[in-house]
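Peer 1: Pasting a structure here, questions to come.
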Amino acid sequence: MQKIPIKRDGLERLQEELKQLKSVERPDVIRAIAEAREHGDLSENAEYHAARDRQSFIEGRVGELEDVISRAEVIDSSMIDGSTVTFGTTIILADEDTDEENTYTIVGPYEADISKGLISTSSPIAKALIGKKVGDSAEVNTPRGSKSYEILNIEVS
């Protein structure tokens, strides 16, 4: 069974989502299905089908969250030295063509959110950066072609 790296706050968010799904969302959808059944013919009952679809989504998400939580390996930031790019580090990069700077934090796949600068360990850019040091260049294959980045700074987040 493969462990999933995650930060403590990321695990807590997943646990909170699981709790919300089990204690609030699941009972609500069960009530909605029961109410829709009372309306009669289920074959033409849009409310019933929508509630069943929602129930299917909730059950699938509950199963996924339980699996991820059971395989989660919390990475302690204090154990990261920050001399190289690893899980849990924040990196400032400069595009070698445009000198545009970007800041990313490398996190697990269930914490990634590019709009917040959180990139997954399995993303192409993280794969190219992991193991590099300040001053190193990294070649990243993107859908728009190959890009080169210089690592300007590494911090433990």
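Readers should treat all values here as calculations from the given coordinates under stated rules, not as data from a laboratory. It should be emphasised that the depicted structure is a prediction, and the values quoted were computed from it without experimental measurement. FYI the Cβ positions are ideal-geometry reconstructions off the backbone, even for glycines, and counts take in every protein chain you see.
Peer 1: Taking the Cα centre of region 77-156 as origin, sum charge times position over the Cβ atoms of Lys and Arg (+1) and Asp and Glu (-1), and report the length of that vector in debye to the nearest 20. Before the final figure, lay out the partial values.
Peer 2: Details: 6 positive and 13 negative charges, 69 e Å.
Computed about the Cα centre, the dipole is about 340 debye.
Peer 1: How do 144, 37 line up, fewest other C-beta atoms within 10 Å first?
Peer 2: On the way: 144 6, 37 13.
Lowest to highest Cβ neighbour count: 144, 37.
Peer 1: Rg (Å, one decimal) plus Dmax (Å, integer) for the alpha carbons of region 59-146?
Peer 2: 14.9, 47
Peer 1: Say we join alpha carbon atoms closer than 10 Å with springs in a Gaussian network model of the chain; which of 71, 13, 31 then has the biggest fluctuation?
Peer 2: Of the options given, 31 has the highest mean-square fluctuation.
Peer 1: Can you name the helices of the chain, as whole DSSP H runs, whose Cα span along the helix axis is 15 Å or more and whose Kyte-Doolittle mean is not below 1.6?
Peer 2: Helices meeting the criterion: none.
Peer 1: Also, I was wondering about something else. Using the structure shown, list the pairs from 116/147; 22/116; 22/147; 22/133; 3/133 with a Cα-Cα distance above 32 Å, or answer none.
Peer 2: Values: 116/147 21 Å; 22/116 28 Å; 22/147 44 Å; 22/133 44 Å; 3/133 26 Å.
Check vs 32 Å cut-off fails for 22/147; 22/133.
Peer 1: Another question, then. Would you kindly compute the Cα radius of gyration of region 4-74 and its largest Cα-Cα separation (Dmax), both in Å?
Peer 2: 15.6, 49
Peer 1: Something else now. Quick one: divide the alpha-carbon radius of gyration of the chain by 2.2 N^0.38 Å and tell me what you get.
Peer 2: For the chain, the normalised Cα radius of gyration is 1.43.
Peer 1: Counting Lys and Arg as +1 and Asp and Glu as -1, what is the net charge of the other residues whose Cβ lies under 12 Å from the Cβ of residue 62?
Peer 2: That works out to -2.
Peer 1: If you average the C-alpha positions of region 6-84 and of region 140-157 separately, how far apart do those two centres end up, in angstrom?
Peer 2: 34 Å
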